[in-house]
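Asks: Before I ask anything, let me first share the structure, which is written out below as structure tokens.
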Amino acid sequence: KAGVTQTPRYLIKTRGQQVTLSCSPISGHRSVSWYQQTPGQGLQFLFEYFSETQRNKGNFPGRFSGRQFSNSRSEMNVSTLELGDSALYLCASSPRTDSGNTIYFGEGSWLTVV
Amino acid sequence: GENVEQHPSTLSVQEGDSAVIKCTYSDSASNYFPWYKQELGKRPQLIIDIRSNVGEKKDQRIAVTLNKTAKHFSLHITETQPEDSAVYFCAAAKNNAGNMLTFGGGTRLMVKP
């Protein structure tokens, strides 16, 4: 069974631009979560989608948004990029959305904002 | 919201020794506590988890203990090997918060041969 797939793996953007990251969950998984990982802030939860609905949202500004499609694939978008948005963005999938499920991470998308 | 603190931030041990990493959480509603291992440049991978109805869980050289009263949980690695070198993250999740994990700051474990 294929793991969580994220694209693109690496990208460089300029301040003020916007970026879209994509995530394909493990087959059969309906929950997709997004996390931001930085050296200073560690791993922080962005949001979770389940059955095309946002289930939970972390403490990030409205520039960070996401969506989930009917096939459970998910995208996250960051608008008006700032230097501080440079990070590893990790997508994670799980079969269900109740607590206690094993969450599987993808390899991540490395975003550099210059 | 939930806050998870993890100690120490770095840990250096000799091969064959044991390593212990400790985490505390703030929200008594948290009931699921996974541990992830992240090697350099790779994805976090689940190594063990524990639920609030269990006090201890063991998987070969790895064990996790949970003290709900004190709101802390610990990872124990015995007979450490160089391939155990990585960053370890603890996390906590609440029953009504889906798959939202709150992570500790991470511990960089270095196992010297």
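Asks: For the range B:31-113, which whole percent of the accessible surface, found with a 1.4 angstrom probe, sits on carbon and sulfur atoms? Intermediate results must be reported in sequence, preceding the final value.
Replies: Working: 1820 of 3900 Å².
Ligands and nucleic acids excluded, carbon and sulfur reach 47 percent.
Asks: If you don't mind, there's one more thing I want to ask. Mind checking the alpha-carbon convex hull of the range B:1-105 and giving the volume per residue in Å³?
Replies: In the range B:1-105, the Cα hull volume divided by residue count equals 98 Å³.
Asks: Could you state the per residue volume, in Å³, of the convex hull enclosing the Cα atoms of the protein assembly as shown?
Replies: Here the figure is 120 Å³ per residue.
Asks: Hey, got a sec? Which trypsin sites (Lys or Arg not before Pro) in the range A:16-114 land in a DSSP loop and have at most 11 other Cβ atoms within 10 Å?
Replies: Answer in residue order: no site qualifies.
Asks: Same structure again: Restrict the search to the range B:41-108; then list the GluC sites (Glu not before Pro) that DSSP places in a loop and that have at most 13 other Cβ atoms within 10 Å of their Cβ.
Replies: B:Glu79
Asks: Distance cut-off 21 Å, Cα to Cα: go down the list B:Lys22/B:Lys94; A:Lys57/B:Lys68; A:Lys57/B:Lys42; A:Lys57/B:Lys37; B:Lys37/B:Lys68; B:Lys37/B:Lys58 and report the pairs above it.
Replies: Violating the 21 Å Cα-Cα cut-off are A:Lys57/B:Lys68; A:Lys57/B:Lys42; A:Lys57/B:Lys37; B:Lys37/B:Lys68.
Asks: A further question follows. Which is the longest stretch in chain B that no exposed loop site breaks, taking sites as trypsin sites (Lys or Arg not before Pro) with a DSSP loop state and at most 16 other Cβ atoms within 10 Å?
Replies: B:72-113
Asks: May I pose another question? I'd like the Kirkwood hydrodynamic radius of the range A:54-104, using the inverse of the mean 1/r over distinct C-alpha pairs, in Å.
Replies: One decimal place: 13.0 Å for the Kirkwood radius.
Asks: If you roll a 1.4 Å probe over chain A with all protein chains in place, what percent of the accessible area is carbon or sulfur?
Replies: Values: 2540 of 5240 Å².
Carbon plus sulfur share of accessible area: 49 percent.
Asks: Which one, B:Gly55, B:Leu75, B:Leu109, projects farthest toward the positive side of the charge dipole computed for the range B:34-113 from Cβ point charges (K/R +1, D/E -1)?
Replies: Selected residue: B:Gly55.
Asks: Just how far, in whole angstrom, is the range A:67-105 from the range A:1-36 if you go by their alpha carbon centroids?
Replies: Between the Cα centre of the range A:1-36 and that of the range A:67-105, the gap is 6 Å.
The values are calculated or read from the model by the stated rules, or taken from the named source; none is laboratory data. Keep in mind that what you see is a predicted model, and the values were worked out from it rather than measured. All Cβ positions, glycine included, derive from the backbone under ideal geometry; neighbour counts span all protein chains shown. Surface areas here come from the heavy atoms of the whole protein model, side chains and all, with no ligands, DNA or RNA. Shrake-Rupley method; radii C 1.70, N 1.55, O 1.52, S 1.80 Å.
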